[in-house]
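**Q** Dropping the structure in here first, questions after.
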């Protein structure tokens, strides 16, 4: 599995950042060729099943995930979410936290392990940086969208 981490500082409050990075309509708007939703149409929460459908021409990739832990920020505590990828093609996990920066904003920590089934592990050194760039780009766009 490839591994990457992104640390993003924002002047937005932790609750806004947490909501923005878990806003699936936002993901649909900022991630090219992809539609994101919960399988039951409800907002993201603990035990939610998420589905990202990426379509490029005739190719469709189903990226399914389960929210294992979900704690929004509040009362001085950081927000935290753990997702496990459960699909056949995209595997791994995402751990994110959003804390108060102490400077009137927040710090988003996004850590992820990712694997693509049938992609030889020798590509992991390339997959990590490429996935990290893509996710970093999407996260910055989600935060801009939250303004």
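**Q** Which angle between 0 and 90 degrees, to the nearest 10, do you get for helix 124-145 versus the longest principal axis of the chain when only C-alpha atoms count?
**A** That helix lies at roughly 40 degrees to the long axis.
**Q** At what distance in nm do the modelled label points of residue 71 and residue 103 sit from each other, each positioned 7 Å from its Cα along Cα→Cβ?
**A** Simple spin-label model gives 2.6 nm for this pair.
**Q** Could you work out how far the C-alpha centroid of the range 87-147 sits from that of the range 31-62, in angstrom?
**A** Taking the Cα centre of each part, the range 87-147 and the range 31-62 sit 16 Å apart.
**Q** Run the helix sum for the chain: -39,500 (n - 2.57) per DSSP H stretch of 4+ residues, divided by residue count, reported at 222 nm to the nearest 500 deg cm²/dmol.
**A** -8000 deg cm²/dmol
**Q** Only one of the listed values, (i) 14.9, 45; (ii) 15.0, 48; (iii) 17.7, 55, was derived from the coordinates as Rg and Dmax of the Cα atoms in Å; which label is it?
**A** Only one option fits the structure, namely (ii).
**Q** Can you tell me which of 76, 52, 26 moves the most in a GNM of the chain? Springs connect C-alpha atoms under 10 Å apart.
**A** Between 76, 52, 26, it is 76 that shows the largest mean-square fluctuation.
**Q** What relative contact order, as a whole-number percentage, does the range 63-147 give when Cα pairs under 8 Å and 6 or more residues apart are counted?
**A** In percent, rounded to a whole number, it is 19.
**Q** Determine the gain in length on full extension of the stretch residue 91-residue 61; use 0.36 nm per residue of separation and subtract their C-alpha separation, reporting nm with one decimal.
**A** 9.6 nm
Throughout, read-outs are computed from the coordinates displayed, never taken from laboratory work. Bear in mind that the values here come from a model prediction, so they are computed numbers and not experimental data. For neighbour counting, all protein chains shown are included, and Cβ atoms are generated from backbone atoms with ideal geometry for every residue, glycine included.
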